[in-house]
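Student: I am attaching a structure below and will ask some questions about it afterwards.
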Amino acid sequence: MLTDRTRVRRHADRGSHDRATIHAILDEAYVCHVGFVAEGSPVVIPTAFVRVDDAIYLHGAVANHMLRSLAGGACCVTVTLLDALVLAKSAFHHSMNYRSVVVFGRGRVVDTHDQKRAVLDALVDRLAPQRSLHTRGPDDSELRATLVIEVPITEASAKIRSGPPVDSAEDLVLPHWSGLIPIVTSLGAPIPAP
Ligand SMILES: Cc1cc2nc3c(=O)[nH]c(=O)nc-3n(C[C@H](O)[C@H](O)[C@H](O)COP(=O)(O)OP(=O)(O)OC[C@H]3O[C@@H](n4cnc5c(N)ncnc54)[C@H](O)[C@@H]3O)c2cc1C
């Protein structure tokens with residue numbers, strides 16, 4: 001996973017190329033941001049995804065501009081989990097605690113119905129465990145209307161900031177509050193459809 005472009009240079013101590021670390025961050029996120037170049041301009045689009053083994057899968061309508069651009073095209077997929085706001089004594093040292101992943105790759109169209117079905121099952125199972133067993137699966141016309149793109153996780157990095165603010169020694173006597181404001185993402189109680 002470590003290549004010249006995935007070498008974390010700024011705060012290298014926060015970087016990791018450990019597969020399990022990267023997978024764990026990807027598996028906790030529901031949304032990724034996909035960067036690609038379309039007609040010469042950079043575009044970044046948020047979208048749902050699922051990781052299966054060593055690949056990220058994206059899906060959408062066959063007319064989807066992003067997915068069509070990714071069919072054989074280069075992309076950069078990022079995921080961010082926000083853990084805390086970091087309030088320091090000085091404005092300069094304010095920060096955020098996070099776990100993030102950057103994946104560089106090239107998209108490939110998933111073209112068999114069997115693999116498409118497996119990926120779409122994994123996607124709904126990501127929303128709720130075993131959901132694919134308790135819902136109607138996609139039929140052939142729905143599969144034909146859905147474009148599924150695979151991005152291999154072969155060139156990827158993670159970056160993690162954790163812990164308290166890092167203030168300068170001379171600022172520690174200042175009266176300003178400093179510390180962490182944790183950010184917790186949780187699922188609420190289910191609300192049945194009307
Ligand atoms: C929620 C959040 C808020 C942030 N806020 C700021 C901010 O306000 N200012 C700021 O300067 N930086 C911020 N960062 C850090 C930012 O993501 C970059 O790591 C940092 O700006 C260094 O950029 P660079 O281009 O010099 O990185 P480099 O170290 O030159 O990047 C080289 C390679 O390291 C990897 N890499 C870099 N950053 C990340 C990352 N975050 N996750 C996974 N891999 C990475 C990529 O593979 C990249 O190609 C924030 C990160 C997060 C997740």
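Only the coordinates and a few stated rules stand behind these numbers; no lab work does. Just so we're clear, the structure is a prediction, and the values are computed from it rather than from any experiment. All Cβ positions, glycine included, derive from the backbone under ideal geometry; neighbour counts span all protein chains shown.
Student: Within the range 96-194, which strands (runs of 3 or more DSSP E) (wholly inside it) include 2 or more residues that are buried (at least 18 other Cβ atoms within 10 Å of the Cβ) and among the charged types (D, E, K, R)?
Tutor: Once the strands (runs of 3 or more DSSP E) in the range 96-194 are filtered for at least 2 residues that are buried (at least 18 other Cβ atoms within 10 Å of the Cβ) and among the charged types (D, E, K, R), what remains is 155-161.
Student: Same structure again: Considering (1) assigned to a strand (DSSP E or B); (2) away from the ligand (no atom under 16 Å from the Cβ), say which one R68 fails and leave the rest.
Tutor: Going through the list (1) assigned to a strand (DSSP E or B); (2) away from the ligand (no atom under 16 Å from the Cβ), R68 breaks only (1).
This table checks each residue for (1) under 18 Å from T80 (Cβ atoms); (2) in contact with a Gly (Cβ under 9 Å, 6 or more places away or on another chain); (3) free of Cβ contacts under 8 Å to residues at least 60 places away in the same chain.
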{"residue": "F104", "(1), (2), (3)": "yes, no, no"}
{"residue": "S132", "(1), (2), (3)": "no, no, yes"}
{"residue": "E142", "(1), (2), (3)": "no, no, yes"}
{"residue": "S157", "(1), (2), (3)": "yes, yes, no"}
{"residue": "G188", "(1), (2), (3)": "no, no, yes"}
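Student: Assess whether V50 counts as being within 16 Å of the ligand (Cβ to nearest atom), closer than 22 Å to A158 by Cα and not basic (K, R).
Tutor: In short, no.
Student: Being within 12 Å of the ligand (Cβ to nearest atom) and hydrophobic (A, V, I, L, M, F, W, C) is the filter here, so list the residues in the range 1-31 that pass it.
Tutor: M1, L2, V8, A12, I22, I25, L26, A29 - these are the residues of the range 1-31 that are within 12 Å of the ligand (Cβ to nearest atom) and hydrophobic (A, V, I, L, M, F, W, C).
Student: Still on this structure, I have one more. Say we look at the range 84-95 and pick out the residues that are more than 9 Å from the ligand (Cβ to nearest atom) and assigned to a strand (DSSP E or B); which of these is nearest to T185 (Cα to Cα)?
Tutor: Of everything passing the filter in the range 84-95, A84 is nearest to T185 (Cα to Cα).
Student: Which condition does E39 not pass, out of (1) within 16 Å of the ligand (Cβ to nearest atom); (2) out of contact with any strand residue (DSSP E or B) (no Cβ under 7 Å at 6 or more places or on another chain), if it passes all the others?
Tutor: Checking E39 against (1) within 16 Å of the ligand (Cβ to nearest atom); (2) out of contact with any strand residue (DSSP E or B) (no Cβ under 7 Å at 6 or more places or on another chain), the one that fails is (1).
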